[in-house]
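Engineer: Have a look at this one.
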Amino acid sequence: MNEPADQDTSRTPPSRLFRKYLYSFVALAFAALAVNTALEVWFSYREQQQLLAATQREQAASAAIQIGQFIGQIESQLRWLSRLPPDLSAQEDERLNAIRLFRLSPAIAEIATLDALGREQVRVSRRLADKVGSQADLAASPAFLGARASGIYYGPVYFFGDTEPFMTLAVLGGGNDPQVTVAEVNLRFIWDLVARIKVGSTGKAYVVDRKGQLIAHPDLWPALRHTDLSGRPDVQAALAGTPPAAGGLVKDDLSQRRVLSTYATVPPLGWLVFVELPISEAYAPIYASIGRSTFLLVAMLAFAVLAAFLLSRRMTVPIQMLTQGAKRIGSGDLSLRLAIRTNDELEALGDQFNVMAAHLRDSYATLERKVAERTAELEKARDHALAEHDAAERARNAAVEANETKSRFLAVVSHELRTPLNGVMGVLQLLDDGSLNEAQRRHLATAAGSGETLIALVDAILEYARLEASTEALETRDFRLDQLIQTAAELMRPQAVAKGLAFELSCDASLNAHVHGDPVRLNRVLLNLIGNAVKFTAKGSITLKAALAQQQDALLLRASVADTGIGIASAMHERIFEDFVQADDSIARRFGGTGLGLAIARRLTRLMGGDVTVESTPGSGSVFHLAVPLGLVESATSQGVPRAPSRALRVLLVDDDPVNCEIGEAMLGRLGHHAVIATDGASAVERASCAAFDVILMDLHMPDMDGVEAAARIRQLRLQQTPRIIAVTADVSRNARERLAGAGINKIVGKPILIKNLCDALEDDPQEGSETARLAAGTLIDERFLSDQKELLGAQQIAKLCELLEETSETLATDIARAAAADDRAQLAKCAHRLGSAASALGLVRLFEACNAIELAAASMSIVECRTAGRELDTLRQASLHALAGLIGPERERTSAGAPAVQKEARQPGRAGFLREEAP
Amino acid sequence: MIGQSARPLAPVAVDRRNFIRLAGASAAGWFALGASPDRVRVVASLIGLPLGDPLTNRSAPESATSRLSALIQGMTERGWVEGVNVRYETRSSFGGPAQQEAAIREILALKPDVILTSSTIETAALTAATKTIPIVFATANDPVGNGFVESLARPGGNVTGFTNSTAEMGGKWLQLLREAAPAIERVGVLFNPETAPRAGRFFLDSIESEAASTGVTVTPVPINDATGIDQTIRGYAGAPAGGMIALVDSFLVINRRAIVTAAAQHRVPAIYPFHYFIDVGGLMSYGASLEVRSADYVDLILRGTRAGDLPVQSPRKYELLINRKAADALGLKLPATLLARADEIRE
C-alpha cells in the first residue's frame, strides 16, 4: 500500500467488521472459559463437599474410638485389679493396688471391691477416707447385679456434686467366687479428649450419652450444666440408630452457628460423638477455590480479549485496506496499489485488486482514447448538423417569407384587381340604358355575371389570404341561433327555388336559444355549405337540418346540409377541404370557382373549434356535417321560460275586467310576486296612497278614469317610493306611447298579457330603460335590432340592404304620395304596409309604426288627412334614412377603404354560389 | 464484635457507609492483633493476701502456679492482651474489715467488667456490694451454703466460680495424717472462725466422724491472731502424741510461714490443704489441684455470657504432697500406701 492509504487505515475508527470479529472472539472465549470454570467449580465443589464430609466422619469415628479407648482402658485396669486372686492379697494390698490404679487413671474417683456376695471389702476414694473391710452389703446395687449378670456394667451418667458427670463401671473378677470391682469414673476427663480433637480451627466435637445428655464438650461448661440435647432432631435420629448422612448435615449448633455436622457411635457405650464444623470454615476452601477460578476466569478473559483484539485487528486491517482501496479505485484513483502482506488469501485478493486496477487503468486509457476519437467525430457531425440546421432554418425563413410575400401579393393583387373590376361593373350597369337589343342585353348580362364571379373570386382569395396569414380572429358575442339559421336559409332559398329545387329547413326546438359565438363566421360557413349544395344540384332538393345539443357546460351546434347533387368520390372527401382543390378538373370548367370555398369554411370552422365533414356518393348527393361548439348564455329571457324573479314585488293590478284581473293575479302569483287588485282608477289611486307598491300594472281603458290619468294622479301623490307604472294595453300606437310617456309610463305590456312579456317588463331595470322608453324618447331607429341584424348579416350586407331600402323607400314614398293624392286608400294602405315592412327590416321603428298607423287608418282617413299623413311619412322616412346612414355610414366608408370584398359573398345571395366550386 | 464496636459509634450518627468502613477497619485491626476490638476491659481482683505476699507477686519464680499469672496467661491465649484491651487491677482486703471495705470501694470505682475473688470472705463481701458486676470466685468451698449461687449447675445471679474442696475432705486429712504419724492420739484442727468456711464447721463434721471411728481425739483450735499461732501449736507438742490439721482458711495461708515454723519447732506433724504450706517447709498437703480455669470464664463473661449461666466448677483432681525432709525431721517413717498415693515427694 502506498503511504497515504496507510495513514488512512491508521486513522479510521474500528470498523464494524472489526467489532464483529472482536465480539465474536470475546464471546466465544468467554463462553468456553465460563463453561469450563463453571463445570470445574461445580465438580470441585462436589468433591470438596464429599471430602469434607468424609474427613468429618473420620474425625468422628476417631473421636469415638478415643473415647471408647478411654473407657476401655479403665475397664481393663479394673479387670486387672479384679482378677488378682483374692487369696494372694491381703485387704491392705488390695487398697494399695487401688491406690496404684488411682495414679494410673486420674478419672477414677473411687474404687470398691465387693466379694461374691456383694459385701464391700475395700473402698478407696480420692475424696473420702478409705474403708477396709466394712462388709457393707451392696448386693442389690445395679453395678453388682449388672457385673454379675454380664461380666461388665456401664452405669448411667449421673452428676455428682450437681455439676460433675460421673459413671459407674463394674467388672466381674475371675475364679469360683469372683469379686466385683466397682469404679466411679469422672467423665470430665473426657473433656481433655474432646478438647484435643481438632475439627478444623473452629469446629468442635462433643459427646452425648444414650439419653441425649451432653457429657463432654470442649467448652466444658455446657456439659456441666446438664445440657439435654435429646430434643434436637439430629440427636434423636442418631439415638434411634439412623446412620449419619453421607454428605453431613447442615444445622445450627448450640451457639446458633450454621455447622456441618456428623457423628459416630462409641461402640460399647452407645454414646454419640458429634463433630461439627462451621459452614463458613467448612466451605472456605470451596469459596477460595471459586474465587481462584473466578480470578483465573477474569485473567483468561482479559487475555482472550487482548488476543481477540489482536486477531480481529490482524483480520480486519487487510480487509479495511481492501475496502479503502476499492473505494479509491471506485472513485477513480486507479494508480493505487494495495500492499497487503498477510501471506494468505487476503494478500492474494489484494494482488487481484492491483491486477484489476491495472486492467482498469489500461481499459480506461483505451476508453479515453476512444472517447476522444468519438468526441472528435461527434463534434464534426455536430458542426455539420448545425450547418444543416442553419441552412434549413434559412430555407424555412425563406419559405415563410415567401408565403407571407405570397399572401401579401395575393391581397395586393386582389385589391388591385378589385378596383378596376368595380369600374368595369359600374360601366356594365350604366350600359343598360334600355336601348339595348336582346342580344346585347344577353351579352351584357353575361359580362355582368362574369364580372361578379371575378369579384367573388378576388374576395375569396383575399379572405383566404387573411386566413393564411392567421390574421383572422373570432369576434364572439351573444346571438340568437334560430334567427341566424333562418336568416341564412331565407337568404339562400330564392336561389334554390330559382333553380327549381326544393329547399327544406328543419330546425330543432333547441335552437331557440341565445348562444355565445361568432355569428358572422358561422353564417358564412352555413351560406357556403348551402350555396355549394345549390350550385352542384341540378334537380331534387336541399335539406338543412340543425340542432343544438348540450355538452357539459357548452353547447354543440350540429347542422347538416344534404343535397341530391352530383356527389363526391370518396377519395376526394378530404381533399376537397384543401386549398385550391376541386373534385376534378372538369368541375372548374363546368362550375367555375377558385376551389377555396370549402377550405375557407373548414378553416373558419376549426377556428371556432368545430369541424366540417362530408359523406357522399358520386351521383346520389352529398351531406356536409357541421359541428360547432358554442358558449352558453346565462340570460334566460330567450329561453321562453319564466325565470325566478330577482325579488318578490308588490304589484298593484288595475283592471276593470274581472277575467283579466284573475289572469293577471294568477300570472303574478306564478312569477312569485304579490298582487293587489284594483278594479277602477279611483280605487287604484286610493290603494297606491295607502300601501307601498313596487309596480302598478295599469289598464288604460277603464270606465271611470283613463289609466293615464290614474297614473298621473298616483304620481301627484308624491309617494316616498314611487312605483313603476306599467301600462297594459292593446294599443301600442305612437300616439298612445307618446301620451303614456307624458304621464311617466315608460313601459307597456301588450294585451293579451303573455307571461314572458310580463316577466320581462317587471324584471327590467328601470334605469337601463326599455325598448319602449327608447322609442318614446323619439328614437327613429331601434339600434339594438339594427346591431343584431348587423351581427347576423355583416356590415356589408347591411350597407347593401340600406342602399336597397333607400331605393325602395323612395319609390314607395312616391307611390304613397301618389295614392294619397289620388285618394286611393287601398293603394295607400298597401304602399304603407310595404314601406313599413321594408323599414322594419333595418329597425326603422318610427317609420314602421307610422306606416302601420296609416295602413290601419287609411280607410277611415279623410283625403286631407291622407295627404298630410303621406307628407309626414315621407319626412319621417327621410329622417329615418338619414339616421340610418349616420349609424352605418362609418362602416360603409371602412368597407370601401380596407378589404371591402371579404364579406361580399354574403351581401348578395345571388353571388354566394361562387363559393361552391369545389362541390361536385 | 462489629456489633459491639457499633454501639458507641451509633449516637454520633455516622452515616452508614462510613460506619461500615470504620467497623471494617477497626475489626481488621483487632483481628490482626488477635484481640477483642473494643474498649479496654477492666478485670479486678480482690485478694485476701497482703499485696506484698510472694503469692501475689507475678514475677516471682513461682508465678506459674500463682492464680493471677495463670489468669493473665490464659487470657492472652484467648486474645485479651494486657494493656491493649484488658487491664488488671488487684486490691487486697488484708488488714481487717476497714481495709476490706476500702478495697471493695476502690474496686467498684474502677467500674470493672468482671471481679475475681480469692476466697469465701471476699466473695461474700463483694456479693453484698454488687448484684450486677460479674464475680468469679477462685476458691469457695460452699457457694450454695454461703448463698453465692442458687445451684452449682445454674448459679443464676452474677456470681460463679470454682470450688476447691468438699466437706468430706476433713476425714481424708485425718486419715492421711494418721497414716504418716500412726502414733497420734490427739489432733488439733486449726482455723480462724472469721475466715474459715462456716466458721470451721464445714470440715469439722467429717473430721470428728473419722476421729470417732479411729479413737483419736480431735479438738477444734480456732485462732484469729497470728501472734497466738506458736502458742497454740506448742499445745500439741509432747505426749500424748499430737497432730495438726490446717483447714482451708485464708488466714492460715497468710500466716503459713509462722504455722509451718511453729509446727517444725514443736515437732508437731501437720497436714495442710494447699501446697503453699509445703513450699515453706510444711510436712504434707492434700487438696484440690489448682487447675486455674478462671481465664475461661472471664473470657466468656467479657464476651457477653452471663455469669449466672456458667456452672460452678468443682475440682476433679486432688494432690498429695509430702515433704520427706520434714518427715525425717519429725522421725516419721512413711508407709507404702502413703507413698503410693503421693503425687509429689519433696526431698
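The values are calculated or read from the model by the stated rules, or taken from the named source; none is laboratory data. No experiment lies behind these values; they were computed from the predicted model shown. Using ideal geometry, Cβ is built from the backbone for each residue, glycine included, and neighbour counts are taken over all protein chains shown.
Engineer: Restricting to segment B:179-206, give me the number of residues that are within 11 Å of chain A (Cβ to nearest Cβ) and either acidic (Asp, Glu) or buried (at least 23 other Cβ atoms within 10 Å of the Cβ) (or both). Can you show your working first?
Structural biologist: Filtering segment B:179-206 for residues within 11 Å of chain A (Cβ to nearest Cβ) gives B:179, B:206.
After this cut, where a residue has to be either acidic (Asp, Glu) or buried (at least 23 other Cβ atoms within 10 Å of the Cβ) (or both) as well, the list is B:179.
Qualifying residue count for the region: 1.
Engineer: For segment B:272-302: of the residues being farther than 20 Å from B:Asp142 by Cα and within 11 Å of chain A (Cβ to nearest Cβ), which is nearest to the chain's Cα centre (by Cα)?
Structural biologist: Among residues in segment B:272-302 that are farther than 20 Å from B:Asp142 by Cα and within 11 Å of chain A (Cβ to nearest Cβ), the one nearest to the chain's Cα centre (by Cα) is B:Asp296.
Engineer: Quick one: A:Ile461 ticks every box in (1) surrounded by fewer than 17 Cβ atoms within 10 Å (Cβ to Cβ); (2) assigned to a helix (DSSP H, G or I) bar one, so which box is it?
Structural biologist: Checking A:Ile461 against (1) surrounded by fewer than 17 Cβ atoms within 10 Å (Cβ to Cβ); (2) assigned to a helix (DSSP H, G or I), the one that fails is (1).
Engineer: Which residue out of B:Thr117, B:Thr76, B:Thr160, B:Thr130 is assigned by TED's automatic domain parsing to the domain that holds B:Leu300, of a type outside the set (A, V, I, L, M) and under 19 Å from B:Glu194 (Cβ atoms)?
Structural biologist: On the way: B:Thr76 fails: under 19 Å from B:Glu194 (Cβ atoms); B:Thr160 fails: under 19 Å from B:Glu194 (Cβ atoms); B:Thr130 fails: under 19 Å from B:Glu194 (Cβ atoms).
Exactly one residue qualifies, and that residue is B:Thr117.
Engineer: Here is a follow-up. Hey, A:Gly161 hits all of (1) at pLDDT 85 or above; (2) in contact with a Leu (Cβ under 8 Å, 6 or more places away or on another chain); (3) not acidic (Asp, Glu) but one; which does it fall short on?
Structural biologist: The one condition A:Gly161 does not meet is (1).
Engineer: Oh, and also: Suppose the filter is away from every other protein chain (no Cβ under 14 Å) and either on the phi < 0 side of the Ramachandran plot or of a type in the set (Gly, Ala, Ser) (or both); does B:Ala326 pass it? Don't jump to the end; show me each part of the working.
Structural biologist: Details: away from every other protein chain (no Cβ under 14 Å): yes; either on the phi < 0 side of the Ramachandran plot or of a type in the set (Gly, Ala, Ser) (or both): yes.
Yes, satisfied.
Engineer: Something else: Just for strands (runs of 3 or more DSSP E) wholly inside segment B:237-347: which have at least 2 residues that are of a type outside the set (Asp, Glu) and at pLDDT 90 or above? Write out each step before concluding.
Structural biologist: Details: elements: B:242-246, B:270-272, B:284-288, B:318-323, B:344-346.
Hits in segment B:237-347: B:242-246, B:270-272, B:284-288, B:318-323.
Engineer: Output yes when any residue across segment A:482-495 is β-branched (Val, Ile, Thr), in contact (Cβ under 8 Å) with a residue 24 or more places away in the chain and buried (at least 24 other Cβ atoms within 10 Å of the Cβ), and no when none is.
Structural biologist: Taking segment A:482-495 and keeping what is β-branched (Val, Ile, Thr), we get A:485, A:487.
If we keep only those that are in contact (Cβ under 8 Å) with a residue 24 or more places away in the chain too, we end up with A:485, A:487.
Next cut, buried (at least 24 other Cβ atoms within 10 Å of the Cβ) only: none.
Among the residues of segment A:482-495, not one is β-branched (Val, Ile, Thr), in contact (Cβ under 8 Å) with a residue 24 or more places away in the chain and buried (at least 24 other Cβ atoms within 10 Å of the Cβ), which makes the answer no.
Engineer: What pairs can you find where one residue is in segment A:157-183 and within 13 Å of chain B (Cβ to nearest Cβ) and of a type in the set (A, V, I, L, M, F, W, C), the other is in a loop (DSSP other than H, G, I, E, B) and surrounded by fewer than 18 Cβ atoms within 10 Å (Cβ to Cβ), and their Cβ atoms are less than 7 Å apart, with a gap of 6+ or different chains?
Structural biologist: Listed pairs, sorted by first residue: A:Phe159/A:His226.
Engineer: Considering only residues that are closer than 20 Å to A:Gly451 by Cβ and surrounded by fewer than 11 Cβ atoms within 10 Å (Cβ to Cβ), look in segment A:393-422 and name the one that is farthest from the chain's Cα centre (by Cα).
Structural biologist: Step by step, filter segment A:393-422, then rank; the result is A:Pro420.
Engineer: From the set of residues in segment A:228-256 that are at pLDDT below 85 and within 14 Å of chain B (Cβ to nearest Cβ), which is surrounded by the fewest Cβ atoms within 10 Å (Cβ to Cβ)?
Structural biologist: A:Gln256
Engineer: Another one. Residues in segment A:739-757: is at least one among the charged types (D, E, K, R), surrounded by 15 or more Cβ atoms within 10 Å (Cβ to Cβ), modelled with pLDDT of 70 or more and within 59 Å of the chain's Cα centre (by Cα)?
Structural biologist: Taking every residue of segment A:739-757 in turn, none turns out to be among the charged types (D, E, K, R), surrounded by 15 or more Cβ atoms within 10 Å (Cβ to Cβ), modelled with pLDDT of 70 or more and within 59 Å of the chain's Cα centre (by Cα).
Engineer: Are there any strands (runs of 3 or more DSSP E) wholly within segment A:235-331 with 3 or more residues that are within 30 Å of A:Gly72 (Cα to Cα) and not β-branched (Val, Ile, Thr), and if so which?
Structural biologist: In segment A:235-331, the matching strands (runs of 3 or more DSSP E) lie at A:258-266, A:271-278.
Engineer: Do we have A:Asp93 as surrounded by fewer than 18 Cβ atoms within 10 Å (Cβ to Cβ) and either of a type in the set (A, V, I, L, M, F, W, C) or away from chain B (no Cβ under 12 Å) (or both) here?
Structural biologist: Numbers: surrounded by fewer than 18 Cβ atoms within 10 Å (Cβ to Cβ): yes; either of a type in the set (A, V, I, L, M, F, W, C) or away from chain B (no Cβ under 12 Å) (or both): no.
Taking the combined requirement at face value, the residue does not satisfy it.
Engineer: Further question: So which pairs qualify, if the first residue must be in segment A:125-136 and under 14 Å from A:Glu94 (Cα atoms), the second must be surrounded by fewer than 14 Cβ atoms within 10 Å (Cβ to Cβ), the Cβ gap must be under 7 Å, and the two must be at least 6 apart or on different chains?
Structural biologist: Listed by first residue and then by second, the contacts come to A:Val132/A:Gln91; A:Gly133/A:Gln91.
Engineer: Still on this structure, I have one more. Where residues in segment B:139-178 are in a helix (DSSP H, G or I) and among the charged types (D, E, K, R), which of them is farthest from the other protein chains (Cβ to nearest Cβ)?
Structural biologist: B:Arg178
Engineer: Regarding A:Asn403, is this residue within 22 Å of A:Ala465 (Cβ to Cβ) and touching a residue at least 40 places away in the same chain (Cβ under 8 Å)? Don't jump to the end; show me each part of the working.
Structural biologist: Values: within 22 Å of A:Ala465 (Cβ to Cβ): yes; touching a residue at least 40 places away in the same chain (Cβ under 8 Å): yes.
In short, yes.
Engineer: While we're here: Select from segment A:342-374 the residues that are surrounded by 11 or more Cβ atoms within 10 Å (Cβ to Cβ), over 18 Å from A:Gln324 (Cα atoms) and among the β-branched types (Val, Ile, Thr) and list them in ascending order.
Structural biologist: A:Val371 - this is the single residue of segment A:342-374 that is surrounded by 11 or more Cβ atoms within 10 Å (Cβ to Cβ), over 18 Å from A:Gln324 (Cα atoms) and among the β-branched types (Val, Ile, Thr).
Engineer: Can B:Gly200 be described as more than 30 Å from B:Phe94 (Cβ to Cβ) and at pLDDT below 90? Explain how you work it out, then say what you get.
Structural biologist: Details: more than 30 Å from B:Phe94 (Cβ to Cβ): no; at pLDDT below 90: yes.
Against the criterion (more than 30 Å from B:Phe94 (Cβ to Cβ) and at pLDDT below 90), B:Gly200 does not qualify.
Engineer: Please give the number of the condition A:Phe102 fails out of (1) under 19 Å from B:Ala336 (Cα atoms); (2) away from every other protein chain (no Cβ under 11 Å); (3) part of a helix (DSSP H, G or I).
Structural biologist: (2)
Engineer: Select from segment B:329-347 the residues that are in contact with a helix residue (DSSP H, G or I) (Cβ under 7 Å, 6 or more places away or on another chain) and within 11 Å of chain A (Cβ to nearest Cβ) and list them in ascending order. Let's see the steps before the verdict.
Structural biologist: Going residue by residue through segment B:329-347, those that are in contact with a helix residue (DSSP H, G or I) (Cβ under 7 Å, 6 or more places away or on another chain) are B:329, B:332, B:334-338, B:340-341, B:345-347.
Scanning segment B:329-347 gives B:Pro335, B:Ala336, B:Thr337, B:Leu338, B:Ala340, B:Arg341.
Engineer: Hey, another quick one. Could you list all residues from segment A:116-143 that are among the acidic types (Asp, Glu), surrounded by 14 or more Cβ atoms within 10 Å (Cβ to Cβ) and more than 14 Å from every other protein chain (Cβ to nearest Cβ)?
Structural biologist: Result: A:Glu120, single match.
Engineer: Next question, about the same structure. For segment A:298-319, name all the residues that are of a type outside the set (A, V, I, L, M) and surrounded by 18 or more Cβ atoms within 10 Å (Cβ to Cβ).
Structural biologist: A:Ser312, A:Thr316, A:Pro318
Engineer: Let me ask another. If you take the residues of segment A:105-115 that are within 22 Å of A:Ile215 (Cβ to Cβ) and of a type outside the set (S, T, N, Q), which of them is nearest to the other protein chains (Cβ to nearest Cβ)?
Structural biologist: A:Pro106
Engineer: Out of B:Arg91, B:Arg7, report the one residue that is at pLDDT 50 or above, of a type in the set (Lys, Arg) and either closer than 28 Å to B:Thr305 by Cβ or assigned to a helix (DSSP H, G or I) (or both).
Structural biologist: The unique qualifying residue is B:Arg91.
Engineer: Take segment A:510-562 and flag every residue that is within 25 Å of A:Ser616 (Cβ to Cβ), part of a loop (DSSP other than H, G, I, E, B) and touching a helix residue (DSSP H, G or I) at 6+ places or on another chain (Cβ under 9 Å).
Structural biologist: Scanning segment A:510-562 gives A:Phe536, A:Thr537.
Engineer: What is the residue count in segment B:303-323 for residues that are closer than 28 Å to B:Arg178 by Cβ, out of contact with any Asp or Glu (no Cβ under 8 Å at 6 or more places or on another chain) and within 12 Å of another protein chain (Cβ to nearest Cβ)? Before the answer, list the steps.
Structural biologist: In the first step, residues of segment B:303-323 are kept if they are closer than 28 Å to B:Arg178 by Cβ; the result is B:314-323.
Restricting the remaining residues to those that are out of contact with any Asp or Glu (no Cβ under 8 Å at 6 or more places or on another chain) gives B:318, B:323.
Pick out the ones that are also within 12 Å of another protein chain (Cβ to nearest Cβ) and you get B:318.
Of the residues in that region, 1 qualify.
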